[in-house]
1. Mind checking which pairs have a first residue in region 23-34 that is open to solvent by 70 Å² or more (accessible area, probe 1.4 Å) and part of a loop (DSSP other than H, G, I, E, B) and a second that is at pLDDT below 95 and among the polar types (S, T, N, Q), Cβ under 7 Å, 6 or more apart or different chains?
2. Please determine, by comparing only the residues of region 35-48 that are touching a residue at least 12 places away in the same chain (Cβ under 8 Å) and either open to solvent by 60 Å² or more (accessible area, probe 1.4 Å) or not in a helix (DSSP H, G or I) (or both), which one is farthest from residue 113 (Cα to Cα).
3. Looking only at region 1-22, which residues are in contact (Cβ under 8 Å) with a residue 12 or more places away in the chain, of a type in the set (Ser, Thr, Tyr) and not in a loop (DSSP other than H, G, I, E, B)?
4. What number of residues within region 6-20 are hydrophobic (A, V, I, L, M, F, W, C) and in contact with a helix residue (DSSP H, G or I) (Cβ under 6 Å, 6 or more places away or on another chain)?
5. Looking at residue 97, is it hydrophobic (A, V, I, L, M, F, W, C), touching a helix residue (DSSP H, G or I) at 6+ places or on another chain (Cβ under 8 Å) and closer than 21 Å to residue 12 by Cα?
6. Tally time: how many residues in region 86-120 are among the polar types (S, T, N, Q) and either under 17 Å from residue 31 (Cβ atoms) or crowded, with 21+ Cβ neighbours inside 10 Å (or both)?
7. Can you work out which of the residues in region 49-85 that are without any contact (Cβ under 8 Å) to a residue 12 or more places away in the chain and in a helix (DSSP H, G or I) is least open to solvent (accessible area, probe 1.4 Å)?
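The values are calculated or read from the model by the stated rules, or taken from the named source; none is laboratory data. Everything numeric here is computed off the predicted structure, so don't read it as measured data. Methodologically, a virtual Cβ is constructed for each residue, glycine included, from the backbone with ideal geometry; neighbour enumeration extends over all protein chains shown. Note: areas computed on protein heavy atoms with side chains; ligands, DNA, RNA excluded. Shrake-Rupley method; radii C 1.70, N 1.55, O 1.52, S 1.80 Å.
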Amino acid sequence: MTATIYHNPRCSKSRKTLELIRHAGIEPRVIEYLADPPDSARLRELARLVGEPLNVLVRRGEPEFREASDRPDVDDEEALARWLEDHPIVIQRPIVVAADGKKAIIGRPPENVLGLLDEG
């Protein structure tokens, strides 16, 4: 198994995180989550792996979040997961899952990934 990065190539933090992973000699599985969004079950699992509630994975400053008329209560994890599946631009980026699949981090700042790589 290898590390996995939920990546947005247009995001500088995501690009830098991917660069740090590769610099460590790891070629991760790259999931461009805007083209291939995680489903609601995977989103809840990613939050669990990060060790935070799902609402931590939300980019609240994104216009699509702020202006959404259909936005659910951010504390309703089931509804929020379904909504994020349909609005992946609002998902925090990047999210990196350790090679062993037991832990994940949000690469903000990108250097957060270094501790995860040492563990997994």
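1. 27/2
2. Going through the qualifying residues, I end up with 39.
3. 4, 6, 14, 17
4. So the count comes out to 1.
5. Answer is yes for this residue.
6. Count: 1.
7. 79
Conditions (1) under 17 Å from residue 37 (Cβ atoms); (2) hydroxyl-bearing (Ser, Thr, Tyr); (3) in contact with a Leu (Cβ under 9 Å, 6 or more places away or on another chain), marked per residue:
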site	(1), (2), (3)
62	yes, no, no
68	yes, no, no
71	yes, no, yes
79	yes, no, no
87	yes, no, no
94	yes, no, yes
102	no, no, yes
